[in-house]
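Where a number appears in this text, it was derived from the coordinates with a stated rule and is not lab data. In this text, all values refer to a predicted model and were calculated from it rather than measured experimentally. Virtual Cβ from ideal backbone geometry, glycine too; neighbours counted across all protein chains shown.
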Amino acid sequence: MSTRAHVRSVVDSVLDPEMPMLTLADLGIVREVQIDAAARVVVTITPTYSGCPAIATMRADITRSLHRHGYRDVRVDTTLSPAWSSDWISDEGRRKLSANGYSLPGPAPRRIDGPVPLTLSARPREVTCPHCGSSETRLVSEFGATLCKAHYRCAACLEPFDHVKEL
């Protein structure tokens, strides 16, 4: 395996600190992995939210993992453009979310050029219960345990669950 491919495999295996059943690669957060002329590993990531509180942990986990594999000179950059999209979650990531009781995001809203419309309430979503498959669900809180999740309860089986937001 080439050095670049090995570095990429190491980075791709780092777990998300907020949903540890997923890797950062599963979430589509890892944008680029390079080795520059000075042999420094440069990793570029895009967080799910610009103010994601887990970004420092992600950077530290990537750096620590690369150090464990012998890469000493590491820099982790953050880019916010283009903004992360829930459409970037891999098929494997979606499978893992579903297997762990999460409701999967639908297609992300299409972004347009120009001003971003301000809405003061949550957009309605069609959410299916990951436990019983019912579409009779109720939003409990737009703000779940993390910024990228909303909390729901199923009206059919009464189980609570998190829904990964469409972004």
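Structural remarks
- Lone cysteines, the chain (no partner Cβ under 4.7 Å): CYS52, CYS148
- Acute angle (nearest 10 degrees) that the helix 3-12 long axis makes with the longest principal axis of the chain, alpha-carbon atoms: 30
- Relative to the Cα centre, the charge distribution of the range 3-78, modelled as +1 at Lys and Arg Cβ and -1 at Asp and Glu Cβ, gives a dipole magnitude of about 300 debye.
- Placing a label point 7 Å from the Cα of ARG95 along the Cα-to-Cβ direction, the residues of the range 23-37 whose backbone N falls under 19 Å from that point are 23-29.
- When the GluC sites (Glu not before Pro) in the range 1-99 are filtered for DSSP coil states and for at most 10 other beta-carbon atoms within 10 Å of their beta-carbon, no site remains.
- Relative contact order of the range 3-78, taken over Cα pairs closer than 8 Å and 6 or more residues apart, is 30 percent.
- Each Lys and Arg contributes +1 and each Asp and Glu -1, all at the Cβ; summed about the Cα centre of the chain, the dipole is approximately 240 debye.
- Segment THR79-TYR49, length gained on full extension (0.36 nm per residue, minus Cα span): 9.7 nm
- Taking label positions 7 Å along the Cα-Cβ direction at both LEU118 and MET21, the computed distance is 3.8 nm, reported to one decimal.
- Label separation (ALA37 vs ALA5): 2.7 nm, computed from points 7 Å beyond Cα along the C-beta direction.
- Pairwise FRET efficiency - ARG68 versus GLU136, Cβ, R0 = 41 Å, nearest 0.05: 0.30
- Entry for Cα Rg over 2.2 N^0.38 Å (calculated from the structure that is shown) out of (i) 1.15; (ii) 1.26; (iii) 1.05: (i)
- Within the range 1-90, trypsin sites (Lys or Arg not before Pro) in DSSP loop having at most 15 other beta-carbon neighbours inside 10 Å: ARG40, ARG72
- Ranking of ASP77, ASP16 by neighbouring Cβ atoms within 10 Å, starting from the fewest: ASP77, ASP16.
- For the range 38-167, share of DSSP beta bridges that run antiparallel, in % to the nearest 5: 60
- Taking a ≥ b ≥ c as the square roots of the eigenvalues of the alpha-carbon gyration tensor, the range 3-78 is classed prolate because a/c is 1.5 or more and a/b outweighs b/c.
- Tilt relative to the chain, helix 55-68 - C-alpha long axis, 0 to 90 degrees, to 10: 40
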